[in-house]
Amino acid sequence: MITKIIPEEKIIAVLKLINKAKNIVIVSHKRPDGDAIGSSLGLYHFLATKGKDVSVILPDAIPGYMYALPSADGIVFYDNQMTKAQELINRCDLLFCLDFNTLDRIGKLSASVNESKAKKILMDHHLHHDEFCDVIISHPEVSSASELVFRLICRMGYFADMTLESAQCICAGMMTDTGGLAYNANSPEVYAIMEELIKKGVDKDALYRKLFNNYSENRMRLMGYMLYEKMKIYPEYHTAILTLSYNEMLKFNYKPGDSEGFVNIPLSIDHVFCSIFIKEEKECMKLSFRSQGDFDVNKMANELFGGGGHKNASGADYKGTMADALKIVEDALPKYI
Ligand code: 5GP
Ligand code: MN
């Protein structure tokens, strides 16, 4: 059974806004992951069947394997299509904000979204959302924003109209945010929703292969290098830290998404409960935190770097050097673990 977790008055409010809207824009967070893309495209396909003029705008590029999703090639990227993105935001009358909780998560897109006069709807599953939307559907207890998109479509009474394309994107988002249903997937309702998606015609196994077994040779070699040369284990703190510099990325012909999932790997070591990955980016160091069980990395990401996310998966940006980021983390381990 799939319970009604979204309050009825919110469903009615969203339905009214959709009915009134002509031009709709969907935005999601920077460095988009499978759930950001899956939820956005899942909703995009649904709204398109309702005759709406819909666009998906993301702050920056998506991983190559995500082009397996239908209409991924129509996504507008703010970092290299700024004028087009701005025009779409200027003329939209409804804006969906998916899979993020604070405006700083959409980077340079945040000013345009904040200043837009369009009605805004937030659909998210992160802790502690900001109040920047007219309707807020925030459920940290669910697997993914994609799951919320499924629930919204069903509750509005449109399950029968959900297309295979929409179902595929939702399924992709749910699978990627749960590591192929390996974590955050204890709720029986995740499987009830999966059942409905598969009944819609989604080939779950084929989609899994496209999303998880579709990497480049370079990425695999980079992974080998990272695990052999770069993984540092702190046995007394049950922690592993991986670091990746810009020069190392060049050596392995790095493409967006190539280090996706690296942070999870050390958790498969029997005594490691916390894993941290620090990657050099153009304007900052990007940190990813993962944990197992009760260990709360959201607290760590937030207190040390002003980041956040979930209890077992969080992230942050740090404007400083790799050495400084590493030192902050290493110095903090005795306090947190
Ligand atoms: P990832 O490590 O995969 O980039 O992100 C893990 C989780 O942390 C995701 O739920 C993501 O939304 C969140 N997250 C990633 N980066 C940041 C950040 O810079 N700030 C905040 N508040 N959350 C982040
Ligand atoms: Mn998500």
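The values are calculated or read from the model by the stated rules, or taken from the named source; none is laboratory data. Everything quoted here is computed from the prediction, not taken from an experiment. FYI the Cβ positions are ideal-geometry reconstructions off the backbone, even for glycines, and counts take in every protein chain you see. Keep in mind that these areas ignore ligands, DNA and RNA; they rest on the heavy atoms of the full protein, side chains included. Shrake-Rupley method; radii C 1.70, N 1.55, O 1.52, S 1.80 Å.
Which residue fluctuates the most in the chain, going by a Gaussian network model with Cα springs under 10 Å, if the choices are Gly224, Gly173, Gly307?
Residue with maximal mean-square fluctuation among Gly224, Gly173, Gly307: Gly224.
Ignoring everything except DSSP H segments at least 4 long, calculate the 222 nm mean residue ellipticity for the chain; use -39,500 (n - 2.57) per segment, divide by total residues, nearest 500.
So the calculated ellipticity at 222 nm is -11500 deg cm²/dmol.
With all protein chains present, how much of the accessible area of the chain (probe radius 1.4 Å) comes from carbon and sulfur, to the nearest whole percent?
51
Rounded to the nearest 0.05, what FRET efficiency is calculated for Tyr225 and Met1 with R0 set to 41 Å and r the Cβ-Cβ distance?
E(calc), rounded to 0.05, equals 0.30.
Using Cα positions and a limit of under 17 Å, work out the aspartates and glutamates in reach of Lys119, with same-chain residues fewer than 8 apart set aside.
Counting by Cα, and skipping residues close in sequence, Lys119 has these aspartates and glutamates nearby: Glu9, Asp53, Glu87, Asp93, Asp130, Glu131, Asp134.
When the chain is modelled as a GNM with alpha-carbon springs shorter than 10 Å, which of Thr243, Thr83, Thr102 fluctuates the most?
Thr83
Taking 7 Å along the Cα-to-C-beta vector as the label spot, tell me the Leu127-Lys327 distance in nanometres, rounded to one decimal.
Rounded to a tenth, the inter-label distance reads 2.9 nm.
For segment 1-89, report the accessible area per residue in Å² (1.4 Å probe, heavy atoms, rounded to an integer).
Here the per-residue accessible area is 41 Å².
Just to be sure I follow the rule: in segment 131-286, considering lysines 8 or more places apart or on different chains, how many pairs have Cα atoms under 30 Å apart?
Close lysine pairs under the 30 Å cut-off: 25.
Give me the accessible area per residue for segment 201-312, probe 1.4 Å, as a whole number in Å².
52
Take the Cα atoms of segment 1-157, find their three principal axes, and give me the spread along each one in whole Å, biggest first.
The Cα atoms of segment 1-157 stretch 42, 32, 32 Å along the principal axes, largest first.
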